[in-house]
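K.L.:
The structure is given below, and queries will be raised subsequently.
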């Protein structure tokens, strides 16, 4: 067994601006309104974050109808359908929208296309809350979800239909480019958002892993199973040439003996992962191996989003 390992710690990683804002919304709401505050869906997809916020008095709901009318209701970073927004407006005194502004941008663009008479194709993952929220902005017969190239081949529109596409913000950049190429091939006049829908943080994390994963014998992405962006990072690492790439919830899920035969291990984390979870993984490796840690980075992030007016000081 090799008792010394090299860890390549890849940045950017961890919290993006939308996640930071969403968590701050819950914390500020607890300060301003007291506990409990209710959140429609998990505020972000990370069990550690959810557990910490629950301890402070946040209650996460699967069904908005379970929220009492006299307590604040918060929409998660993934965004919600108009049906949920309208329900909250008629039933809840205080509504706080923590939807990531980059998701809101997609909602606004989809609505613009709809008002201009377009049929809209959404590239995304079925049942993901962001996709449900985006599809729920429009009547069902005007927006169509595609997950694969095969789904595109099954789309049927009339010759004079105006067609546009939008995308989920946390997709694989490379896979989405293939889907877009297929859409453009099938519908040469298809329109798109003026700016890329996949968010800057998703692209940055994927590009950084693409740059460094092929220098590693194994790669760990710290993130939750239900996190779309974390799952995509594992796929990116594999596609970049590091086939031994894994999603890891936290240090408790780490079996260090599985990494005994690897000399160089890459580590990064999804956009909803607190840095302490990455530090704990490294500490566990340190308990078992002699480590050389190399910090690498591909670009800096300095994006910040304003908090909603309901929780601003």
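K.L.:
Working carefully through the options 102, 30, 53, 9, find the one that is under 30 Å from residue 291 (Cβ atoms) and buried (at least 18 other Cβ atoms within 10 Å of the Cβ).
P.N.:
Details: 102 fails: under 30 Å from residue 291 (Cβ atoms); 30 fails: under 30 Å from residue 291 (Cβ atoms); 53 fails: under 30 Å from residue 291 (Cβ atoms).
After ruling out the rest, the residue left standing is 9.
K.L.:
Oh, and also: Test residue 168 against the stated conditions and say whether it is outside the structural domain of residue 46 (by TED's automatic domain parsing), more than 27 Å from residue 207 (Cα to Cα), surrounded by 21 or more Cβ atoms within 10 Å (Cβ to Cβ) and within 22 Å of the chain's Cα centre (by Cα).
P.N.:
Details: outside the structural domain of residue 46 (by TED's automatic domain parsing): yes; more than 27 Å from residue 207 (Cα to Cα): no; surrounded by 21 or more Cβ atoms within 10 Å (Cβ to Cβ): yes; within 22 Å of the chain's Cα centre (by Cα): yes.
It is false that residue 168 is outside the structural domain of residue 46 (by TED's automatic domain parsing), more than 27 Å from residue 207 (Cα to Cα), surrounded by 21 or more Cβ atoms within 10 Å (Cβ to Cβ) and within 22 Å of the chain's Cα centre (by Cα).
K.L.:
Determine whether residue 169 is closer than 23 Å to residue 13 by Cα and out of contact with any helix residue (DSSP H, G or I) (no Cβ under 8 Å at 6 or more places or on another chain).
P.N.:
no
K.L.:
Which ones in region 112-131 are crowded, with 19+ Cβ neighbours inside 10 Å, under 25 Å from residue 98 (Cα atoms) and out of contact with any helix residue (DSSP H, G or I) (no Cβ under 7 Å at 6 or more places or on another chain)?
P.N.:
Matches in region 112-131: 113, 129, 131.
K.L.:
With the requirement that a residue be over 13 Å from residue 253 (Cα atoms) and either buried (at least 16 other Cβ atoms within 10 Å of the Cβ) or under 31 Å from the mean Cα position of the chain (by Cα) (or both), what does region 283-293 give you?
P.N.:
283, 286, 289, 291, 292, 293
K.L.:
Now a separate question. For residue 58, are the conditions met, namely being over 26 Å from residue 140 (Cβ atoms), modelled with pLDDT of 95 or more and out of contact with any helix residue (DSSP H, G or I) (no Cβ under 8 Å at 6 or more places or on another chain)?
P.N.:
Details: over 26 Å from residue 140 (Cβ atoms): yes; modelled with pLDDT of 95 or more: yes; out of contact with any helix residue (DSSP H, G or I) (no Cβ under 8 Å at 6 or more places or on another chain): no.
Taking the combined requirement at face value, the residue does not satisfy it.
K.L.:
Consider residue 42 carefully, then state whether it is under 24 Å from residue 270 (Cβ atoms) and free of Cβ contacts under 8 Å to residues at least 12 places away in the same chain.
P.N.:
Spelling it out, it is not the case that residue 42 is under 24 Å from residue 270 (Cβ atoms) and free of Cβ contacts under 8 Å to residues at least 12 places away in the same chain.
Yes/no matrix, rows are residues, columns are (1) closer than 17 Å to residue 4 by Cα; (2) out of contact with any strand residue (DSSP E or B) (no Cβ under 9 Å at 6 or more places or on another chain); (3) surrounded by 16 or more Cβ atoms within 10 Å (Cβ to Cβ):
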residue: 208; (1), (2), (3): no, no, yes
residue: 224; (1), (2), (3): no, no, yes
residue: 230; (1), (2), (3): no, no, yes
residue: 263; (1), (2), (3): yes, no, no
residue: 272; (1), (2), (3): no, yes, yes
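K.L.:
Same structure again: Please give the number of the condition residue 41 fails out of (1) surrounded by 22 or more Cβ atoms within 10 Å (Cβ to Cβ); (2) within 30 Å of residue 216 (Cβ to Cβ).
P.N.:
Here residue 41 meets the rest and fails (2).
The values are calculated or read from the model by the stated rules, or taken from the named source; none is laboratory data. What you see is a predicted model, and the numbers here were worked out from it, not measured in a lab. Virtual Cβ from ideal backbone geometry, glycine too; neighbours counted across all protein chains shown.
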